[in-house]
Amino acid sequence: MFAVLSTRRKALARVALLAATVLVAACEPLPSGRAPAIDAGAPVPVALILPGGSGSSGDEVLARNLKQAADLAIADLQGVRIDLRVYNAGSDAGTSAAMARKAVDEGAKIILGPVFAEAANAAGVAVAPSGVNVLSFSNNTDIAGGNVFVLGPTFQNTANRLVRYAARSGKGRIMVVHDQNPAGDLGARAISTAAARSGATVVGTASYPFSQQGVIAAAPQIAAEARAAGATSVFFTADTAGALPLLAQLLPEAGLSGQTTQFVGLTRWDIPSGTLSMPGVQGGWFALPDPGLTAQFQSRFAAAYGEQPHPIAALAYDGIAAVGALAKSGRADALSAAALTQGSGFAGVSGVFRLLPDGTNERGLAVAQIQNAQVVVIDPAPRSFSGAGF
């Protein structure tokens, strides 16, 4: 027990810092003007704003992989030509805004990126008067709206999928357990919102200080409250690099077992793969993109470029796929907000997705369970927006 606890101290600190960085408040989104018209007979000028040049080796890998995924998507398009223009902006919001303005001045009809929330928000504000829409690789819904759309996976989308499945499976009496930090608060709100939409009931909410000792101290009370409330499922906002391993260990020790109460996570429980062998997560549910389609993309990417793609590289492919599908219509207003938010959505490299009028997104996800340290899909990802997963 103490060996497990001691290995998690630094991980908790790193995740706390990341959550505080990612979930900063954004400027109020501005309404966009009329989207610039495209010429159906010419290549579509698309700007790609990347985090290259930040000085971080991780950002350089991410920038390279996003560009490679975009190139892969362009090669797959039929009947549409894309004029991809790359702008490196590092992670700086001011530079991202300047690059966005430059891209529009040079004729870009739509912008893909940036990655980081503040940078994406700044880029959107900078070009809003021009009517150019921004398809950001961020997953921070605080920046969504106006001319800014987020392509990244969101807590709300994941919560909707898992809560609906829990309600259908007789596990709709939900206890929400979350970190006392911005990410935990956001996740808890997403679960409560999803419950209100699905017929499930939140029977209790518990939180804990975002620290090792905070989790240890809170676990017995969380277990007692879940039992007293008659919860049939416990939803966690924590991830595998933070409090999840402690909770999965300590709650069963306090009398709340995943064998009798369904454990459900808003984050991926299969990354890193070592998490799958932990006793406390056996039987747990989480959501993930269509594994078959994801594996196909990873295989194609590795064959083309000799390396595995960054986890969010697929978002660049999706952005190009959406632009290509819309441009193929031949309409001058193909990249307007109304076109981008078409209800039928788009075929992404990891599954179907659509952009919503509020700037967020909805993605087709599978529900998986950890069984004998393996990931087993128990409810497949829908392949269209009329599928059972929506």
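The values are calculated or read from the model by the stated rules, or taken from the named source; none is laboratory data. From a predicted model like this one, the values you see are computed outputs, not experimental measurements. Heads up, the Cβs are rebuilt from the backbone with ideal geometry, glycines too, and the neighbour counts pull from every protein chain shown.
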Scanning segment 201-214 residue by residue, those over 23 Å from the mean Cα position of the chain (by Cα) and free of Cβ contacts under 8 Å to residues at least 40 places away in the same chain turn out to be Thr201, Val202, Val203, Gly204, Thr205, Ala206, Tyr208, Pro209, Gln213, Gly214
Counting only strands (runs of 3 or more DSSP E) wholly inside segment 281-390, the ones holding at least 1 residues that are touching a Ser or Thr at 6+ places or on another chain (Cβ under 8 Å) are 285-289, 351-355, 361-363, 365-371
Practice problem: Determine whether segment 263-280 contains at least one residue that is closer than 30 Å to Ile312 by Cα and more than 26 Å from the chain's Cα centre (by Cα). | Solution: yes
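I'm checking my understanding of the structure. Among residues of segment 187-204 that are surrounded by fewer than 22 Cβ atoms within 10 Å (Cβ to Cβ) and among the aliphatic types (A, V, I, L, M), which one is farthest from Ala228 (Cα to Cα)?
Here the residue is Ala196.
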Val24 fails exactly one of (1) surrounded by fewer than 16 Cβ atoms within 10 Å (Cβ to Cβ); (2) modelled with pLDDT of 50 or more; (3) within 28 Å of Pro129 (Cα to Cα), namely (2)
Per the filter on segment 241-300, residues closer than 19 Å to Ala183 by Cβ and of a type in the set (Val, Ile, Thr) are Val264, Thr267, Ile271, Thr275
Going through segment 239-262 in order, the residues found to be surrounded by fewer than 21 Cβ atoms within 10 Å (Cβ to Cβ), more than 27 Å from the chain's Cα centre (by Cα) and not in a helix (DSSP H, G or I) are Ala254, Gly255, Ser257, Gln259, Thr260
The residue that is surrounded by the fewest Cβ atoms within 10 Å (Cβ to Cβ), considering only those in segment 88-106 that are of a type in the set (Gly, Ala, Ser) and under 24 Å from Val44 (Cα atoms), is Ala98
When segment 317-342 is checked residue by residue, the ones that are over 16 Å from Phe385 (Cβ atoms) and among the charged types (D, E, K, R) are Lys328, Arg331, Asp333
Checked segment 129-150 for anything assigned to a loop (DSSP other than H, G, I, E, B) and within 10 Å of the chain's Cα centre (by Cα); matches are Phe137, Ser138, Asn139, Asn140
Quick count over segment 123-137, residues being touching a residue at least 40 places away in the same chain (Cβ under 8 Å) and crowded, with 24+ Cβ neighbours inside 10 Å, is 6
Practice problem: Go through the residues of segment 326-335 one by one and say whether even a single one is surrounded by 19 or more Cβ atoms within 10 Å (Cβ to Cβ) and under 22 Å from the mean Cα position of the chain (by Cα). | Solution: no
Looking across segment 223-238 at residues that are in contact (Cβ under 8 Å) with a residue 40 or more places away in the chain and surrounded by fewer than 23 Cβ atoms within 10 Å (Cβ to Cβ), the single one that is nearest to Arg173 (Cα to Cα) is Thr232
Screening Ala302, Ala325 for residues that are of a type in the set (A, V, I, L, M) and either in contact with an Asp or Glu (Cβ under 7 Å, 6 or more places away or on another chain) or assigned by TED's automatic domain parsing to the domain that holds Leu62 (or both) leaves only Ala325
